[in-house]
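Before any comments, here is the structure.
The values are calculated or read from the model by the stated rules, or taken from the named source; none is laboratory data. What you are looking at is a predicted structure, and each value in this text was computed from that prediction instead of being measured. Methodologically, a virtual Cβ is constructed for each residue, glycine included, from the backbone with ideal geometry; neighbour enumeration extends over all protein chains shown.
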Amino acid sequence: MATKNAEAYAAVSKKYEWGFATDIEQDFAPKGLSEDTVRYISAKKNEPEWMLDWRLKAFRLWLTMEAPDWSKLNIPPIDYQDAYYYAEPKAKATIASLDELDPEIRRTYEKLGIPIEEQKLLANVEGAEPPRRVAVDAVFDSVSVATTFRAELERAGVIFRSISEAIREYPDLVRKWLGKVVPQRDNYFATLNSAVFSDGTFVYIPEGVRCPMELSTYFRINAENTGQFERTLIVADKGSYVSYLEGCTAPMRDENQLHAAVVELVALDDAEIKYSTVQNWYPGDENGVGGIYNFVTKRALCQGRNSKVSWTQVETGSAITWKYPSCVLAGDNSVGEFYSVAVTNNRQQADTGTKMIHLGKNTKSTIVSKGISAGRSDNTYRGLVRVAPTAEGVRNFTQCDSLLLGDQCGAHTVPYIEVRNPSAQIEHEATTSKISEDQLFYAMSRGLDQEAAVALIVNGFAREVLQQLPMEFAVEAQKLLGISLEGSVG
Amino acid sequence: MPLIDLPSTRAEAWRWADLGALSAAAALAPIARAGHEPHFLDLPGARLLFVNGVLDEAHSVLDQVSLGHLRGGEHALGGRATGIGWSLRLDADAAADPVQVVHIATGGENHLPAEIVLADNAVAQVVETFVGAGWSNRVTRIELGSAARLGRAVRLIQEGGFTSLRDEAQLGTGASLVSTFLGAGTAGTRIDGAVVVGESGYAEVGGALLTAGEQRQECAVRVRHAEPNGQSHQLWRAVAADTSVASLAAAVEVARHAQKTDGEQSLRGLLLQRTATVNLKPELEIFADDVKCAHGATVGELDGRALFYMQSRGIPRPRAQALLTRAFVADALDRIGNEGVRDAFAADADAWLERTL
Amino acid sequence: MLVIENLHAEIDGKPILKGLSLSVNAGEVHAIMGPNGAGKSTLGYVLGGRPGYEVTDGSVTFAGQDLLELAPHERAAAGLFLGFQYPVEIPGVSNVQFLREALNAQRASREEKALSGAEFLKLAREEARKLDMDAEMLKRPVNVGFSGGEKKRNEMVQMGIVNPKFAILDETDSGLDIDALRIVGDGINRIMRAPEKAVLLITHYQRLLDYVQPDFVHVLADGRITRSGGAELAHQLEREGYAEIAA
């Protein structure tokens, strides 16, 4: 049965379908990392002086720092001089619609299979309106190539721009918040990002506005030896709401590529941000060759009273993932949520989780983490729940479940709980399980093949998290988990 | 002040350690040995009285225990305790009367190694008590043969300084170790443990840390299941008052082929004041797929409904708090098999509650 | 014995009791009936002194004392007993220990001698027997693992042991089958029917009142007593519903 299971488990990990490279001409920054690289990037972006200074400050800081070694990851040394920090498609850097997009890039998106709905909409296909509309910002290596629905969003007062544009067009807003949630010196990779971030997304939702559509960014690493360092900043003003989706893919390459993004979210009084990620960077092959190093700093500041930030992530890709989307719950009654499914297979390593920092009164947080380990992979949940002395009436509930597929993988749970106020109620539960032979047999005796049976059970295991995703992403995520739609209903 | 080379609190196992207090304890000026109450319980068997790590032969009964040179091992603190220490070695099928060890510190630092080696089917109980003030540092190597059973109970009731314990236990097939710790003194403590469970072995490591004032107490215990079919339970309770810090870090590790392991952790903290801190880290590290591992962790204050219910029956609030806190702590001490020992530990816990509430 | 005047109380700033007045004399049994959400349980908790129930106006005098000035345990010592609708589970504290602590704390405040373990156990066993409760349950942690009916019976055992002057019994009949209802009803009569004692029964249904005949029935609606009458009012309520009568 063990071998049979192993076969079934192998089936769960579908072949990486997004592993094509797009053959387009690129403009590269000189290889390697120096102050000149930073100046080159800043100049390419026509950035104002303050932005360049900010980057240089970060760069000088970075030179004094050491890469963290505390997570349960085995990270080969990274040669930061042997990479390109900026690659730009030679097509027009910004365009008004997808029609103007370089056909090669456009084919890339078609192959990604994601923005089809948006393309129909752009083409004004009568009656083709999908149930929900999504505005898309696409970041291709270092540059944002298309931001859709801009006009409609602007009518609602929503600013949805590539961050380079935002730095030029809304310098005051960007300057006010950039680095406020994730300071430049926060950690090694965040500091690196602060110095060399190439593009990313800026979103501002004005007071009282419910963003009329989902906002979405697709990140794609294409060029060889290129690091991608996008920077996302979302500010939700008082009483506003936005749902933001992020998807990531990369071609199959033998070398490892570095992805070190920073995402900062700010929610003011009564504002809500829902941030969903489906991360499907190339994970490397079954022997652990190639794949993306995904070292990401994501943090939300719930600054306002009654504000809420909800992180949902489905992590299936990358050779190494190092990522802890966190919430600083500063405003009274603010709410932080973290829903995560992390799948590791082959030689993948994932060290992911969250930090919930409770500073305000009556703040609440919920953490639901589902780790699925297969092959020879290692999957770690690492989390921190901290309650400050001033934070009265805090509630936290944490559930961490691990599912092991096969006996060559590892599942780890490392929760830290630090409480300094007695009125807090903190509950943490964790379980570890495997797919039982009974479950498998039961499902198969009802007519499912092994692959479908495993997918069904895995889907059930992860359902609590998948339910949190917006519809468009839930479908993709289920596909990614190797799960049929029918299975997800049953 | 002696310069002590200690691990950095950046290292995961030392994150919440109060290493400053160690140096301070080591530098404590000598104090007079308070009274002659040796803290021995009324039990048959060996009685060892160590004053500053040196056996007080006049007040000791060695019975089956011997003294000899022992190595401290690799651990950052335990490793310092190389030298003359006590040793309990039992042959197969032997059963010893309870071994009592009382450690009195009178300032400065003292280090003492120990070993408990039980051959197949041997059975032993060891009860240790730490009193006085100073830095008492201990390393205890435990080796249990097939189906051997050891019950170990340690109470840390030093009035000042620091007590640091390092236990390293290796359990053979079907062996059983039940270790219970009570921290109810006013000194800083660190309980550091590494237990390796063999095939079908059984390990319980747990206890209660009661902290008050500016005190800091912590445990950092790792149970490793190296072979299949093992069972382990780690049940820890922390109660923190005033500006004290109680930290519970308990890890279960299941090795690649240690299938059918059943590992359980229950870590619960109770904060008596808003100035106190409880830190918990229930860690699972699992490399086998057919295992049952779960943990639960909670922190909070006493149940307000239960308090009111008790008050409505006429029990004054402080008394109701004491009863509920006692019940909270009792869970952890219930694991002590010997009734007399359990009562003595419970009395220490009660005394702490009396002082603190 | 108990005089409530113009009582206003709120929870989290939300007014629940809005000017409730009620007077209970020694030797009387009063029943408070009313629809869900009328404030019945709040009345019980306010009289018991539960934290979070804030009295904003009015007064409550118990045996000549200002009841609202007293801490919950002092109210118990003064002879007040609150039977909970949902008795609380207390893991790790045995029933025997709990009750003995409670009784002796009350006795101490009245400057009576504490009962020894043996004396107490005898008393507790006797009460348990009268209420048809297995004496083994006395050794178990308070209410832990008890069924709904067992919890209610345990409340009555407690009442029998502490022997209060005044009992407020909140939905004591809920969760009881017909046999248990009779036992509990008999218990209330036995323990509390005396010229120097009084009872306030809080209930939604009149079925307990078949066993414990009230001298007065009051309808509580929207935080006030809207109607009072004799035992016949309970039957009328049962027949016609609250909507008609409470209005």
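Do any strands (runs of 3 or more DSSP E) entirely within segment B:233-316 hold 2 or more residues that are within 7 Å of another protein chain (Cβ to nearest Cβ) and touching a residue at least 12 places away in the same chain (Cβ under 8 Å), and if so, which? Outline the logic, then answer.
On the way: elements: B:245-254, B:262-271, B:277-286, B:292-300.
Qualifying strands (runs of 3 or more DSSP E): B:262-271, B:277-286, B:292-300.
Which condition from (1) in contact (Cβ under 8 Å) with a residue 40 or more places away in the chain; (2) in a helix (DSSP H, G or I); (3) hydrophobic (A, V, I, L, M, F, W, C); (4) within 26 Å of C:Arg227 (Cβ to Cβ) is the one that C:Leu68 breaks?
Among (1) in contact (Cβ under 8 Å) with a residue 40 or more places away in the chain; (2) in a helix (DSSP H, G or I); (3) hydrophobic (A, V, I, L, M, F, W, C); (4) within 26 Å of C:Arg227 (Cβ to Cβ), the lone unmet condition for C:Leu68 is (1).
Is it the case that some residue within segment B:202-211 is in contact (Cβ under 8 Å) with a residue 40 or more places away in the chain, in a strand (DSSP E or B), surrounded by 24 or more Cβ atoms within 10 Å (Cβ to Cβ) and among the β-branched types (Val, Ile, Thr)?
Scanning segment B:202-211 turns up at least one residue that is in contact (Cβ under 8 Å) with a residue 40 or more places away in the chain, in a strand (DSSP E or B), surrounded by 24 or more Cβ atoms within 10 Å (Cβ to Cβ) and among the β-branched types (Val, Ile, Thr).
Out of all the residues in segment C:100-112, is one or more within 26 Å of C:Gly149 (Cβ to Cβ), in a helix (DSSP H, G or I) and in contact with a helix residue (DSSP H, G or I) (Cβ under 6 Å, 6 or more places away or on another chain)? Quick ask: steps written out before the conclusion?
Initial filter on segment C:100-112 (within 26 Å of C:Gly149 (Cβ to Cβ)): C:100-103.
Pick out the ones that are also in a helix (DSSP H, G or I) and you get C:100-103.
Right, trim to in contact with a helix residue (DSSP H, G or I) (Cβ under 6 Å, 6 or more places away or on another chain) and you get C:100, C:103.
Yes, segment C:100-112 contains a residue that is within 26 Å of C:Gly149 (Cβ to Cβ), in a helix (DSSP H, G or I) and in contact with a helix residue (DSSP H, G or I) (Cβ under 6 Å, 6 or more places away or on another chain).
I'm trying to understand the selection: among the residues of segment B:318-337, which are over 11 Å from B:Gly207 (Cβ atoms) and either crowded, with 16+ Cβ neighbours inside 10 Å or among the aliphatic types (A, V, I, L, M) (or both)?
B:Arg319, B:Ala320, B:Gln321, B:Ala322, B:Leu323, B:Leu324, B:Thr325, B:Arg326, B:Ala327, B:Phe328, B:Ala330
Please verify whether A:Asn345 is touching a residue at least 40 places away in the same chain (Cβ under 8 Å) and over 19 Å from A:Ser276 (Cβ atoms), treating the condition exactly as stated.
On the way: touching a residue at least 40 places away in the same chain (Cβ under 8 Å): yes; over 19 Å from A:Ser276 (Cβ atoms): yes.
For A:Asn345, the condition - touching a residue at least 40 places away in the same chain (Cβ under 8 Å) and over 19 Å from A:Ser276 (Cβ atoms) - is met.
Within segment C:117-126, can one find any residue that is facing chain B (nearest Cβ under 9 Å) and in contact with a Lys or Arg (Cβ under 7 Å, 6 or more places away or on another chain)?
As a first pass, look at segment C:117-126 and keep what is facing chain B (nearest Cβ under 9 Å): none.
No, that holds for no residue.
Being away from chain B (no Cβ under 14 Å) and among the acidic types (Asp, Glu): is that true of C:Glu89 here?
On the way: away from chain B (no Cβ under 14 Å): no; among the acidic types (Asp, Glu): yes.
The answer is no for C:Glu89.
Tell me, which residue of segment A:455-490 that is touching a strand residue (DSSP E or B) at 6+ places or on another chain (Cβ under 8 Å) and over 27 Å from A:Val242 (Cα atoms) is modelled with the highest pLDDT?
So the first thing to find is which residues in segment A:455-490 are touching a strand residue (DSSP E or B) at 6+ places or on another chain (Cβ under 8 Å), and the list is A:458, A:461-462, A:464-466, A:468-470, A:472-473, A:476-477, A:480-481.
Checking which are over 27 Å from A:Val242 (Cα atoms) leaves us with A:458, A:461.
Details: A:Val458: 80, A:Phe461: 83.
Selected residue: A:Phe461.
Test C:Ile225 against the criterion of being surrounded by fewer than 20 Cβ atoms within 10 Å (Cβ to Cβ), in contact with a Ser or Thr (Cβ under 8 Å, 6 or more places away or on another chain) and under 26 Å from C:Ala63 (Cα atoms), and give yes or no.
Criteria met by C:Ile225.
Residues are listed down the side, and each one gets a yes or a no for (1) outside any loop (DSSP other than H, G, I, E, B); (2) touching a residue at least 12 places away in the same chain (Cβ under 8 Å); (3) not polar (S, T, N, Q):
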| residue | (1), (2), (3) |
| --- | --- |
| C:Pro35 | no, yes, yes |
| C:Ala38 | no, yes, yes |
| C:Ser41 | yes, yes, no |
| C:Leu47 | yes, yes, yes |
| C:Arg50 | no, yes, yes |
| C:Thr56 | yes, yes, no |
| C:Ser59 | yes, yes, no |
| C:Arg75 | yes, yes, yes |
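Yes or no, residue by residue, for (1) without any contact (Cβ under 8 Å) to a residue 24 or more places away in the chain; (2) hydrophobic (A, V, I, L, M, F, W, C); (3) outside any strand (DSSP E or B); (4) closer than 14 Å to B:Glu218 by Cα:
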residue	(1), (2), (3), (4)
B:Val131	no, yes, no, no
B:Thr140	no, no, no, no
B:Arg155	no, no, no, yes
B:Phe162	no, yes, no, yes
B:Gln170	no, no, no, no
B:Gly174	no, no, yes, no
B:Ile191	no, yes, no, yes
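On the basis of being over 15 Å from the mean Cα position of the chain (by Cα) and more than 14 Å from every other protein chain (Cβ to nearest Cβ), does C:Gly58 make the cut? I'd like the intermediate steps shown before the answer.
On the way: over 15 Å from the mean Cα position of the chain (by Cα): yes; more than 14 Å from every other protein chain (Cβ to nearest Cβ): yes.
The answer is yes for C:Gly58.
How many residues does segment B:317-356 hold that are more than 8 Å from chain C (Cβ to nearest Cβ) and either under 16 Å from the mean Cα position of the chain (by Cα) or not in a helix (DSSP H, G or I) (or both)? Don't jump to the end; show me each part of the working.
At the first step, the residues of segment B:317-356 found to be more than 8 Å from chain C (Cβ to nearest Cβ) are B:318, B:321-322, B:325, B:329, B:332-356.
Restricting the remaining residues to those that are either under 16 Å from the mean Cα position of the chain (by Cα) or not in a helix (DSSP H, G or I) (or both) gives B:329, B:332-338, B:341-342, B:344-346, B:348-349.
The number of residues fulfilling the criteria is 15.
Inspect segment C:170-179 for any residue being surrounded by 20 or more Cβ atoms within 10 Å (Cβ to Cβ) and among the β-branched types (Val, Ile, Thr) and give the result as yes or no.
yes
For C:Met137, state whether it is assigned to a helix (DSSP H, G or I), among the aliphatic types (A, V, I, L, M) and either within 14 Å of chain B (Cβ to nearest Cβ) or free of Cβ contacts under 8 Å to residues at least 12 places away in the same chain (or both).
On the way: assigned to a helix (DSSP H, G or I): yes; among the aliphatic types (A, V, I, L, M): yes; either within 14 Å of chain B (Cβ to nearest Cβ) or free of Cβ contacts under 8 Å to residues at least 12 places away in the same chain (or both): no.
Against the criterion (assigned to a helix (DSSP H, G or I), among the aliphatic types (A, V, I, L, M) and either within 14 Å of chain B (Cβ to nearest Cβ) or free of Cβ contacts under 8 Å to residues at least 12 places away in the same chain (or both)), C:Met137 does not qualify.
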